[in-house]
Amino acid sequence: MAINLKTVDDKELLYGTKICQGCGAGMAARMALKVLGEKTVLCTPACCFAATTTVFPQSSIFVNNAISAFPGLAATASGMTHAMKALGWDDDYTMLAIAGDGGTIDIGLQGLSGAAERNDDLIYICYDNEAYMNTGVQRSGSTPFDAWTTTTPTGPCSKGEKNKFRKSLFEIMSAHRIPYVATASVAYPQDYMAKVAKAKEIKGCRVIHVSAPCPTGWGYDTAKTVELAKMAVESGLWYLAENEGGEMKLTYKPKELKDPADYLKMQKRFKHLTEEDIQEIREIRDAEWERLKKVLSFE
Amino acid sequence: MNKPKVNKDLKLPTNFDELMIGGGNGVGVLATVNSGFRTFHPVFDYNKCVRCMFCWIYCPEGCIDKTTVDPESGKIMLEVDMDYCKGCGVCANECPTKCISMVKDGDDDE
Amino acid sequence: MSRKAFLSANEAAAHGVRLAKPEIVSAYPITPQTTLVEKIADFIADGESDIDYIMVESEHSAMAAAFGASLMGARTFTASSSQGLLYMAEMLHYASGTRVPIVMVDANRATAAPWNIYGDQRDTMSQRDAGWIMLFAESGQEALDMILQAYKIAEDPEIMTPVMVNLDGFTLTHTYDVVEIPDQEEVDAFLPPYKTDYKLDPEHPLTMAATTGPDFHTENRAQQQLAMEAAKAKIQEVSDEFAKMFGRDYHGLVEEYRCDDAEVALVATGSSAGTTRIIVDELREEGKKVGMIKIRSFRPFPKEYFHSVIDKFKAVGVIDRSISFGAEGTIFQEVKGAMYGSDAKLGNYIVGLGGRDVSRALIKEMFDKLFNMVNGGEEEEVQFLGLRW
């Protein structure tokens, strides 16, 4: 389903939040709610998103919503979607869970695996800002190699995050054989929103992993969120893909991968990198891209 | 402008009966504005604007309004809700025609 | 017409759940809770119940799913024990703090390490401050009846607090007795379907479990305390109503057994109350003026009752199947606090840990110790009884 920005609903279902300026998570949630509409029930863990939307007496969410615990989000959403059916809610309501990368691929993974195994009828969106941002930029299982965070500080004995590969939520969820899994980026709203729209029409457990840069945690000018998110995709450090019923494919292929150096140099979390370090990242990117070609069957 | 407004009549609970149990609340309750976040604000050059709506969709605050139409030209006149714009500058950065400039609050003629 | 059946307390509780007709059950198996949730699965498989049983992958998710379903206004149930209760501890607080009326059974069991699957109350007592109403049943019959009462208490608009029904692991959960199973019509008359405005609703959307800062959080907590205090009268009221409809009177928060002219009383919970009842009868035969105080409701704590008996007994002993290390038995602390100002001798007996039998001999020994103090003897206030050496 092609997304025409001119006709996308003007009505805001997320407004007046206290997110940081230029917040990618805010973009990701707003774009999703634009597609899903008012017939959405939203649940989030006690993450950035919850902390910036629903601090009493403020409630910046305009649909039914609740907060749950970090490891409990997916199961809470499961309980909610089961209850919606048991209590006879209209069929066109969407149960939406939104959590960050930490809340999803680290502390929330077990619960999400359970929800996926049961194929509970919900959409789960992971906004990935590549660290635990709400608690103050600590590393997560999605923090990229060499990135500075407050728990992977740089110094004579450290170059930042040590793991060369981030957990692949796309592949983890694909292995659960749920009906729909996708990756997306806030810099490609038509691609992302089309995926949300597609997910909305499917029953069962649907998971979308969306790249959402964080100016506060990454250290860049707040105006550059979309620019950076785009550079990540163009340089092959992130990818736009989907898995619909087992059919995996790339949904956007950069004509030619750009040099990651420009992307890295725009962010304070990578400012310590030498040319040698950047070369290592290029090599990791190249190997990962070759691997993705096999996983997603593209040339 | 078709954007939610700050709830000026918001009454805080004054006793236990008025306080919803369990941290409950209504939805879409805007207690305060966000203009205090802002140093710069976007200004549109409507002659250069091509109504591509990228600023509108990228705005993390959703505070760009697309419902106002110029009666003469029939064109959408994008407006910014200054109660909720934080001045992040994403709109100006992404505008393909560079029709949005970020102006320091108080420095323009308005 | 009600019917009689030979059931374990777990099975009896499962019948209670079936009769209460929750829309959602979410549970993860753990000994000695398993036969309860298996029985619920049987009811569903046999077409005797249309509960939607969510097979979760952990206890944390069991409580999270019950929490989520409860947010939508569904009647929900879960059950756990020991490590499982500890694992869901975070969600216990979410449920009570959000004021959703989940009912759960905890099959009371020791907590590791050392690993032990048998009964004591260290699991539930470690969750004393989780904000749940905590009830203890003495028998399979009371387990069934308590489930029905629990929903009526939890879902009351003034209370809106989840209830944990505690069953002693194995001693109750796996012990068979004749249980009267009420008719669905009778239960429906006692416990109508759960209706509330405090839920996520298509017509009236809400924000639930929101963040509250220093400006309102204390008021949220004071509200919880008000509800807990109000629950005292509600528990009594529901118990009385149940007695009137079903003919079984559990006396609300506390049951006094042969206490009218008693000089010495022993405070018991759960299955220990059953044994103590027998010993009280035996000692009464011998002419000893003894009685039992059975605590049904540990949270809210029947402080007013204990305060009212500060001049009634010469000695009061408390049976504890848990201890707060470095302090005292958990129930004893509360009884002692509530009896502040009493001249009665107080004794605390730590027994029945990790499944060790709270035997008739032990109960007798407790009464002996209490009488010893009444007669001027000295006793340590807190004692482990029945130690191997």
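The values are calculated or read from the model by the stated rules, or taken from the named source; none is laboratory data. Note that the coordinates shown come from a computational prediction; the quantities given were computed from them, not determined experimentally. Heads up, the Cβs are rebuilt from the backbone with ideal geometry, glycines too, and the neighbour counts pull from every protein chain shown. Side chains included, ligands, DNA and RNA excluded: accessible areas come from the protein's heavy atoms. Shrake-Rupley method; radii C 1.70, N 1.55, O 1.52, S 1.80 Å.
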222 nm mean residue ellipticity, helices alone, for chain C (DSSP H n ≥ 4; -39,500 (n - 2.57); rounded to 500): -12500 deg cm²/dmol
Per-residue HN-Hα couplings for region C:210-225 [Karplus 6.51, -1.76, 1.60; θ = phi - 60°; Hz; x = Gly/Pro]: 5, 7, 10, x, x, 6, 10, 4, 4, 5, 4, 6, 4, 4, 4, 5
About the Cα centre, and with charges only on the beta carbon of Lys, Arg (+1) and Asp, Glu (-1), how big is the dipole of region C:3-246? Nearest 20 debye, please. 420 debye
Once the Cα atoms of region A:24-296 are picked out, what are the Rg and Dmax in Å? 18.1, 61
When a/c reaches 1.5 or more, the comparison of a/b and b/c decides; with that in mind, is the protein assembly as shown rounded, prolate or oblate per its Cα gyration tensor? prolate
Is region A:53-123 best put as rounded, prolate or oblate by its Cα gyration tensor, with a ≥ b ≥ c the root eigenvalues, rounded for a/c under 1.5, and otherwise prolate when a/b is larger than b/c, oblate when not? oblate
Among C:Lys289, C:Lys21, C:Lys152: highest mean-square fluctuation, GNM of chain C, C-alpha pairs under 10 Å: C:Lys289
Highest to lowest packing among A:171-181, B:2-12, C:78-88, C:220-230, scored as the average C-beta count within 10 Å: C:78-88, A:171-181, C:220-230, B:2-12
antiparallel share of DSSP beta bridges within the protein assembly as shown, to nearest 5, in %, is 35 percent
Relative contact order for region B:34-104: what percent, with Cα pairs under 8 Å and sequence separation of 6 or more? 49 percent
Which GluC sites (Glu not before Pro) from region C:1-107 combine a DSSP loop assignment with at most 15 other Cβ atoms within 10 Å? C:Glu48
Nearest-0.05 FRET efficiency for C:Tyr340 and B:Leu10 at R0 = 51 Å, using Cβ-Cβ distance, is 0.70
Sequence order, region A:232-242: Karplus ³J(HN,Hα) from phi using 6.51 cos²θ - 1.76 cosθ + 1.60, θ = phi - 60°, Hz rounded, Gly and Pro as x, gives 4, 6, 5, 9, x, 8, 9, 9, 10, 9, 8
Taking the Cα centroid of region C:207-256 and of region C:105-159, what is the distance between the two, rounded to the nearest whole Å? 15 Å
Which whole-number percent gives the relative contact order of region C:218-305, counting Cα pairs below 8 Å spaced six or more residues apart? 32 percent
Taking every C-alpha to C-alpha distance in region C:192-292 and binning by 10 Å from 0, the per-bin percentages run 12, 23, 26, 18, 13, 6, 1
For region C:266-368, take N as its residue count and report Rg(C-alpha) divided by 2.2 N^0.38 Å. 1.02
Can you list, bin by bin at 10 Å, the percent of alpha carbon pairs in chain B, starting at 0? 13, 37, 27, 14, 8, 1
Could you please report the charge total around B:Lys3, scoring K, R as +1 and D, E as -1 over all other residues with beta-carbon less than 11 angstrom from its beta-carbon? -4
Based on alpha-carbon centroids, what's the gap between region A:1-25 and region A:218-289 in Å, whole number please? 24 Å
Around B:Asp83: net Lys/Arg minus Asp/Glu count, Cβ-Cβ under 14 Å: 0
Exactly which trypsin sites (Lys or Arg not before Pro) in region A:241-290 are in a DSSP loop and have at most 13 other Cβ atoms within 10 Å? A:Lys255, A:Lys271
What is the set of long-range amide H partners of B:Val80 at a cut-off below 5 Å, with H atoms built 1.01 Å from backbone N? B:Asp65
To the nearest 20 debye, the protein assembly as shown has a Cα-centred charge dipole, built from +1 on Lys and Arg Cβ and -1 on Asp and Glu Cβ, of 1580 debye
Given backbone amide H placed at 1.01 Å from N, residues whose amide H is under 5 Å from that of A:Ala182, ignoring those fewer than 5 places away on the same chain, are A:Val207, A:Ile208, A:His209, A:Asn243
Do you know the relative contact order of region C:254-384, to the nearest whole percent, from alpha carbon pairs under 8 angstrom that are 6+ apart? 27 percent
To the nearest 20 debye, what charge dipole does region C:254-384 have about its Cα centre, counting +1 at the Cβ of each Lys and Arg and -1 at the Cβ of each Asp and Glu? 380 debye
Computed helical MRE - 222 nm, chain A, DSSP H runs ≥ 4 contributing -39500 (n - 2.57), nearest 500: -10000 deg cm²/dmol
Can you tell me which of A:102-108, A:149-155 comes out highest on packing, and rank the rest after it, using the mean Cβ neighbours within 10 Å? A:102-108, A:149-155
Taking the alpha-carbon centroid of each part, what is the distance from region A:154-169 to region C:280-315 in angstrom? 63 Å
I'd like the interface area for chains B and C: accessible area of each alone minus the complex, both sides summed, 1.4 Å probe, protein heavy atoms only. What is it in Å² to the nearest 100? 1300 Å²
Checked region C:107-210 with the C-alpha gyration tensor, a ≥ b ≥ c its square-rooted eigenvalues, rounded below a/c of 1.5, otherwise prolate if a/b is larger than b/c and oblate if not; verdict oblate
Across every pair of different alpha-carbon atoms, what Kirkwood hydrodynamic radius in Å does region C:3-246 reach? 17.9 Å
Would you mind telling me the share, in percent, of accessible area of region A:24-296 contributed by carbon and sulfur at probe 1.4 angstrom? 54 percent
Could you compute the net charge surrounding C:Gly169? Neighbours are other residues with a C-beta less than 14 Å from the C-beta of C:Gly169; K and R count +1, D and E count -1. -1
Quick one: Cα convex hull volume of region C:14-78, Å³ per residue? 67 Å³
DSSP bridge orientation in chain C - percent antiparallel, rounded to nearest 5: 25 percent
Note on chain A, DSSP bridge orientation, antiparallel percent to nearest 5 equals 30 percent
Can you give the three extents of the C-alpha atoms in region A:35-85 along their principal axes, from longest to shortest, in whole Å? 30, 26, 19
Partner chain coverage, peptide C:190-202 - average Cβ within 10 angstrom: 3
Determine, for each peptide in A:73-84, C:321-332, the mean count of other beta carbons within 10 angstrom over its residues, then list the peptides with the highest first. A:73-84, C:321-332
Positive-end residue, the protein assembly as shown charge dipole about Cα centroid, Cβ charges, pick of A:Trp89, C:Ala112, C:Ile293: C:Ala112
